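I have placed the structure first, in the form of structure tokens, so that the comments after it can refer back to it.
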Amino acid sequence: MTMPTFVQVLDFVGTFAFAISGIRLASAKRFDWFGAYVVGFVTAIGGGTIRDLLLDLTPGWMTDPIYLICTGMALLWVILFGKYLIHLHNTFFIFDSIGLALFTVVGLGKTLACGYPIWVAIIMGSITGAAGGVIRDVFINEIPLIFRKEIYAMACVVGGAVYWICSFFVPDAVIAQIVCGVTVFITRILAVKYQICLPTLKGESD
């Protein structure tokens, strides 16, 4: 029995965090347990599935049941502590930000391991982090966060750029991955706290 790698640990923790964010929103929409599980599952594996298909890899959830198990544990967590989570306004935001940061790191690591250049890795890291949230929001009939003015996918790009810069100065990839994840998380937190957003594109009618 081999010990999981650092990226695998991040993948599992990110799966749990993103699944909770999806299940938390599904519970607010009064979904039943099965519906909430589905929303949590697609939130957790959506971005990684798109990434793996683009990289010509078999999606991880098709070869390892841990993603199904993590989602089940997240559902159980919300069932047991749901009345506390639902009344905590920032719960979804925190878990979503954690998942965004961890999955960005996982996407970067997997893409670089496949031999792709850093700019491809940044794009794949952003897809891994943000695409699951897009699918989640579509499932619960909300405008996806990525299409709003909030800094969301851009936080993944910032984190990827920081990882690239760190790679020139820090020989240890784990340290660069930690700095990348922390950057994504802090960027997302600060952007929401101080209402930092990208300018909107104005149409002819504006």
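Read-outs throughout are calculated quantities, based only on the coordinates presented, and are distinct from any laboratory measurement. Computed from a prediction, not measured in an experiment: that's the story for all the values here. Here Cβ is always computed from backbone atoms with ideal geometry, including for glycine, and neighbour counts include all displayed protein chains.
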Once you have all Cα-Cα distances for segment 113-206, histogram them in 5 Å bins from zero and send the whole-percent values. 2, 13, 18, 21, 18, 12, 8, 4, 2, 1, 0
Diffusion constant of segment 1-79 at 20 °C, which comes from Stokes-Einstein with the Kirkwood Cα-pair radius and 1.002 mPa s, µm²/s: 167
Expressed as a whole-number percentage, the relative contact order of the chain with C-alpha contacts under 8 angstrom and at least six residues apart is 23
Got a sec to turn the phi values of segment 183-191 into Karplus ³J(HN,Hα) couplings, 6.51 cos²θ - 1.76 cosθ + 1.60 with θ = phi - 60°, whole Hz, x for Gly and Pro? 4, 4, 4, 5, 4, 5, 5, 5, 4
P(r) of the chain over all Cα-Cα pairs, 5 Å bins starting at 0, rounded to whole percent, reads 1, 8, 16, 20, 19, 16, 11, 6, 2, 1, 0, 0, 0
How would you rank 179-192, 55-68, highest first, on the average number of other Cβ atoms within 10 Å across their residues? 179-192, 55-68
